[in-house]
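To start, the structure itself, in structure tokens.
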Amino acid sequence: QVQVVESGGGLVQAGGSLRLSCVASGTFFSINRRAWYRQTPGKPRELVAFITSSGSAVYADSVKGRFTISGDNAKKLAYLQMNSLIPEDTAVYYCNFNSYGRDYWGPGTQVTVSS
């Protein structure tokens, strides 16, 4: 059974930084893509960033230049470094691993940015 767990969320003032971490346990095939999503109440989950197994990263326009995604496929790790946080970044952040078309999700970690 595969489990994905995020950590690193919390409360931070605008302009501050947080680093989210994610680890997957269990057995599954090679990770094709690691991603971070976020969701606020009443809105659909939105993609924040993803990185492929070859290292290519893509970011939502709203976080470009502020967030950096990274990780280690072999160790089933994913990170999201978030700098220059703004109140609009407040959301529950979810880690996602994709392995040959199958998605694995964590329960989410709350990030709150105060103004």
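The values are calculated or read from the model by the stated rules, or taken from the named source; none is laboratory data. Note that the coordinates shown come from a computational prediction; the quantities given were computed from them, not determined experimentally. So basically every Cβ, Gly included, is an ideal-geometry build from the backbone, and we count neighbours across all protein chains shown. Just the protein is used for accessible areas: all its heavy atoms, side chains included, with ligands, DNA and RNA removed. Shrake-Rupley method; radii C 1.70, N 1.55, O 1.52, S 1.80 Å.
Electrostatic tally near Leu80: other residues with Cβ closer than 13 Å to its Cβ, Lys and Arg +1, Asp and Glu -1, net +2. Pairwise alpha-carbon distances in the chain exceed 22 Å for 27% of all pairs. Separation of the range 2-38 and the range 46-115 by C-alpha centroid, Å? Distance between centres, Cα-based: 6 Å.
At a Förster radius of 25 Å, what calculated FRET efficiency corresponds to the Cβ-Cβ distance of Glu46 and Asn98, to the nearest 0.05? Computed FRET efficiency for Glu46 and Asn98: 0.95. Exposure here means at most 11 other Cβ atoms within 10 Å; with chymotrypsin sites (Phe, Trp or Tyr not before Pro) in a DSSP loop as sites, the longest stretch of the chain lacking them is 30-99. Loop-located trypsin sites (Lys or Arg not before Pro) across the range 6-115 with a Cβ neighbour count of 11 or fewer within 10 Å are Lys64, Lys75, with loop assigned by DSSP.
Straight-line reach from Lys43: taking Cα to Cα under 26 Å and skipping same-chain neighbours fewer than 8 places apart, the lysines in range are Lys64.
When a 1.4 Å probe is rolled over the protein heavy atoms, the share of accessible surface on the range 47-115 that falls to carbon and sulfur comes to 50 percent. With the simple spin-label model, which puts each label point 7 Å out from Cα in the Cβ direction, the Ser53 to Leu11 separation comes to 4.3 nm. Between the amide H of Leu85 and those of Gly15, Gly16, distances stay under 5 Å, these residues lying 5 or more places away or on another chain, with hydrogens modeled in the peptide plane.
How large is the charge dipole for the chain, taken about the Cα centre, if only the Cβ atoms of Lys, Arg (+1) and Asp, Glu (-1) carry charge, to the nearest 20 debye? Let's see the in-between values first.
On the way: 11 positive and 7 negative charges, 40 e Å.
Using only the charged Cβ atoms, the result is roughly 200 debye.
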